[in-house]
Amino acid sequence: MKYYLGLVWEYFLNYAKTRLTYRADFWVEVISDLLFQATNLIFIFVVFAHTDTLGGFTEAEVVFVYGYFMIPYGLYSCFVNLWNFGDRYIVKGEMDRILTRPAHNLFQIFLENLDPPSLIGSFIGVIIMFWSGGQLGIELLWWHIPALIVMVLGSTLIYTGIYTILTSISFYSDSPTGIIPLMYNIQTYGRYPITIYNRIIQILLTWILPFAFVGIYPAALFLDRPEMIRMAWITPVMGIVFFILGLLFWNGGIKRYRGAGS
């Protein structure tokens with residue numbers, strides 16, 4: 001464990017040195033992310049300009065859900081950035097370099113793609129939750145913070161598991177797949193009340209591609225929505241299950257990998 005923590009620290013230091021050299025790139029990334037999040041919020045406000053509720057949720061409640069949604073997504077984007085895995089590590093052959101090192105290969109890839117500016121989205125998500133919670137009159141109770149930590153960790157593990165499974169497809173396919181960009185669009189469904197979707201979509205977002213557990217279900221715990229509280233507490237369980245599935249798919253793919261020259 002000490003060895004891996006040391007690796008995390010070294011990679012963070014290297015990232016900081018690089019960003020100090022190219023500060024403009026850092027601020028461009030931060031501003032772009034802020035504009036993207038602002039656009040999503042504006043969209044919610046536009047929707048509620050034409051309706052009072054969405055799937056039984058008020059505007060403040062949907063904004064609260066969106067705030068929660070931003071927290072695990074920011075953590076995932078920072079620590080588990082697998083967007084260009086196929087092109088960089090399979091097509092360009094950098095996986096060969098990774099496999100010659102003693103640390104676990106997936107952990108190394110996580111570290112090489114650290115994106116700390118994404119954490120700004122998580123901080124903004126916390127602010128949005130507190131602001132909208134104040135609008136809703138939610139009183140901060142002693143169990144809210146530990147429950148939030150558990151829920152966020154579960155949601156982040158769900159992201160990690162799903163995208164690790166999808167990334168593992170690169171070991172079985174010689175050509176890049178467009179499934180990951182598609183999944184980035186599907187995950188946004190989790191930040192809206194699941195009651196607005198038909199039954200098939202609800203099942204999909206709950207048990208197959210469980211993005212409802214990265215937004216609406218865990219957020220419903222703090223909104224005191226009795227119809228979803230039971231599902232909210234399943235969030236950490238789903239996170240562990242999908243994280244294990246991701247590791248199994250990844251390790252299976254690694255066994256099939258024969259190197260860039262084969």
Any idea how many residues of region 188-214 are within 23 Å of Thr39 (Cβ to Cβ), touching a Gly at 6+ places or on another chain (Cβ under 7 Å) and part of a helix (DSSP H, G or I)? 7
Flagged in region 148-164 as surrounded by 18 or more Cβ atoms within 10 Å (Cβ to Cβ) and of a type in the set (A, V, I, L, M, F, W, C), in numbering order, are Leu148, Met151, Val152, Leu157, Ile158, Ile162
Please go through region 102-125 and give me each residue that is closer than 22 Å to Leu245 by Cα and more than 24 Å from the chain's Cα centre (by Cα), ordered by number. none
Just to be sure, is Ile124 in a loop (DSSP other than H, G, I, E, B), of a type in the set (A, V, I, L, M, F, W, C), in contact (Cβ under 8 Å) with a residue 12 or more places away in the chain and under 22 Å from Phe222 (Cα atoms)? no
Pairs under 6 Å by beta carbon, first residue of a type in the set (Phe, Trp, Tyr) in region 165-178, partner crowded, with 16+ Cβ neighbours inside 10 Å and modelled with pLDDT of 75 or more, six or more apart or different chains? Phe171/Gly253; Phe171/Tyr257
What helices (runs of 4 or more DSSP H) completely inside region 5-101 contain at least 2 residues that are surrounded by fewer than 19 Cβ atoms within 10 Å (Cβ to Cβ), within 21 Å of the chain's Cα centre (by Cα) and of a type in the set (Phe, Trp, Tyr)? 23-48
Unmet criterion (only one of (1) within 30 Å of Gly178 (Cβ to Cβ); (2) surrounded by fewer than 19 Cβ atoms within 10 Å (Cβ to Cβ)) for Trp142: (1)
Among the residues that make up region 214-221, is at least one of them surrounded by 23 or more Cβ atoms within 10 Å (Cβ to Cβ), over 18 Å from Tyr163 (Cβ atoms) and of a type in the set (Phe, Trp, Tyr)? yes
Boolean, Ser132 is hydroxyl-bearing (Ser, Thr, Tyr), at pLDDT 95 or above and either assigned to a helix (DSSP H, G or I) or within 17 Å of Ala232 (Cα to Cα) (or both): yes
Report, by residue number, each residue of region 49-100 that is closer than 17 Å to Thr164 by Cα and of a type in the set (Val, Ile, Thr). Val80, Ile90, Ile98
State yes or no: is Ile240 surrounded by fewer than 22 Cβ atoms within 10 Å (Cβ to Cβ), modelled with pLDDT of 90 or more and of a type in the set (A, V, I, L, M, F, W, C)? yes
Find the residue count for region 188-212, including only residues that are farther than 27 Å from Asp52 by Cβ and of a type outside the set (Val, Ile, Thr). 4
Checking Ser170 against (1) surrounded by fewer than 16 Cβ atoms within 10 Å (Cβ to Cβ); (2) assigned to a helix (DSSP H, G or I): exactly one of these is not met. Which one? (1)
Of the listed residues (Ile229, Ile165, Ile200, Ile194), the one being out of contact with any helix residue (DSSP H, G or I) (no Cβ under 7 Å at 6 or more places or on another chain) and among the hydrophobic types (A, V, I, L, M, F, W, C) is Ile200
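The values are calculated or read from the model by the stated rules, or taken from the named source; none is laboratory data. None of the values given here were measured: they were computed from a predicted structure. Neighbour counts are summed over all protein chains in view; Cβ atoms, including those assigned to glycine, are modelled from backbone coordinates with ideal geometry.
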